[in-house]
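**Student:** Here you go, one structure.
Each reported figure results from applying straightforward, stated rules to the coordinates on display, with no laboratory input. For clarity, every value in this text was computed on a predicted model and none was experimentally measured. All Cβ positions, even for glycine, are placed from backbone atoms using ideal geometry, and neighbour counts span all protein chains on display.
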Amino acid sequence: MRILVTGGAGFIGSAVVRHLIVDKGYDVLNLDSLTYAATLGSLKPVKNNPRYRFQKADVRDGLAIASAFSEFRPNRVMHLAAESHVDRSITGARDFVETNVLGTFNMLECARNYWESLKPAERTEFRFIHVSTDEVYGSLADGDLFSETTRYDPSSPYSATKAASDHLVKAWARTYGLPILISNCSNNFGPYHFPEKLVPLAILNAIEGKPISVYGDGRHVRDWLFVEDHARALDLIAGRGRTGESYNIGGRNERQNIDVVRSICSIVDSLIPARRPREELIRFVQDRPGHDMRYAIDGSKLQTELGWAPLESFESGLRRTIEWYLGNEWWWGPLRKNYDGARLGLTTPGD
Ligand code: NAD
């Protein structure tokens, strides 16, 4: 199996690449333009594996992507490359529109040209999975769950561009017959998570005794999933999902942001005792505009059709994640030191 992964130097993409190579024994071409969010160190476990290849390329670059298709000849594409940080999308939406919308358009056109050139047997095998988010559905009322038929209603520039890209992918299936699948997943957490997002930022600030900012009253609800469970779900959907379909992915781990941060503080306290409880570091800051109140996923389609279930509970995954950050300062130290968020006016954690 030859899989072209875009965005494989990012948080989820690198977990996908590690899973495909180490657990599945597939050949992978990782295509990534290496933005600020990319860390090649996340690929250390596979970088010397003969099944792994890397090409620095931008998904908006039609020539580079077309030649990657014709040289690597993938059976599958897993498209994860995106601008992903909601707070950045509010201070500067252009990169989000260009990469998430135009980049996806370009990937679809290159995939279509390549797919149309294949022999019939190869055409039947080919699949393009587009990795998206539950944020396309907008904010959810208490008690409800997002299903695959929930109406799209995005609130932020980030989620609007992801919604637009999902619509393009569906159109390429209906208009050109491209064999696509879409996944819409809830918030991920785990090792190798760039330390501007809520969970890793709270972990590192708790470890270093720095203030931990929480938006508004901290009661926003997210449905958390351990990143390795997401990677397994994506491989399963890409391999056995019904083409043309969307699959929601979630772990039924609904937590208020304030409870996530409190859990982090208490696990860090238990691992490195301090004179004062880390909860005292929590500061409530002005909420961001357009902040959705609640996300929660009905993942029953994926569970019933493909037998997927998360292996990691929220609590065990959080402990594993914190222990990973404690043992891997080589990975996050330089990212913290060179972080450009303050220059961009990003002082609070997004999710
Ligand atoms: P990330 O920001 O950690 O990584 C994105 C990667 O894409 C980086 O390596 C970056 O260099 C690359 N990239 C960005 N623009 C590019 C371009 N123009 N050309 C080529 N490469 C480019 O993101 P992530 O959290 O790993 O998310 C991956 C995907 O999963 C995204 O599509 C995101 O929308 C989706 N998603 C994320 C979450 C989450 O909780 N993080 C949840 C659901 C879905």
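**Student:** Is it true that some residue in the stretch 3-17 is part of a helix (DSSP H, G or I), more than 9 Å from the ligand (Cβ to nearest atom) and touching a residue at least 60 places away in the same chain (Cβ under 8 Å)?
**Tutor:** No, the stretch 3-17 contains no residue that is part of a helix (DSSP H, G or I), more than 9 Å from the ligand (Cβ to nearest atom) and touching a residue at least 60 places away in the same chain (Cβ under 8 Å).
**Student:** Can you give me the number of residues within the stretch 200-254 that are in contact with a Ser or Thr (Cβ under 6 Å, 6 or more places away or on another chain) and polar (S, T, N, Q)?
**Tutor:** The total comes to 1.
**Student:** Turning to a different aspect of this structure: For Arg73, are the conditions met, namely being touching a Leu at 6+ places or on another chain (Cβ under 7 Å) and of a type in the set (D, E, K, R)?
**Tutor:** Criteria not met by Arg73.
**Student:** Among the residues of the stretch 207-230 satisfying the criterion of being part of a strand (DSSP E or B), under 19 Å from Phe284 (Cβ atoms) and out of contact with any strand residue (DSSP E or B) (no Cβ under 6 Å at 6 or more places or on another chain), which is nearest to the ligand (Cβ to nearest atom)?
**Tutor:** Arg222
**Student:** Another one. If you take the residues of the stretch 138-159 that are assigned to a helix (DSSP H, G or I) and within 12 Å of the ligand (Cβ to nearest atom), which of them is nearest to Ala296 (Cα to Cα)?
**Tutor:** Ser159
**Student:** Being aliphatic (A, V, I, L, M) and in a loop (DSSP other than H, G, I, E, B) narrows it down to one residue among Leu204, Leu178, Leu234; which is it?
**Tutor:** Being aliphatic (A, V, I, L, M) and in a loop (DSSP other than H, G, I, E, B) holds for just one of Leu204, Leu178, Leu234, which is Leu178.
**Student:** Please enumerate the residues belonging to the stretch 29-77 that are among the charged types (D, E, K, R), in a loop (DSSP other than H, G, I, E, B) and either more than 15 Å from the ligand (Cβ to nearest atom) or within 13 Å of Arg18 (Cα to Cα) (or both).
**Tutor:** In the first step, residues of the stretch 29-77 are kept if they are among the charged types (D, E, K, R); the result is 32, 44, 47, 51, 53, 56, 58, 60-61, 71, 73, 76.
Pick out the ones that are also in a loop (DSSP other than H, G, I, E, B) and you get 44, 47, 51, 58, 60-61, 73.
Answer for the stretch 29-77, where residues must be among the charged types (D, E, K, R), in a loop (DSSP other than H, G, I, E, B) and either more than 15 Å from the ligand (Cβ to nearest atom) or within 13 Å of Arg18 (Cα to Cα) (or both): Lys44, Lys47, Arg51, Arg73.
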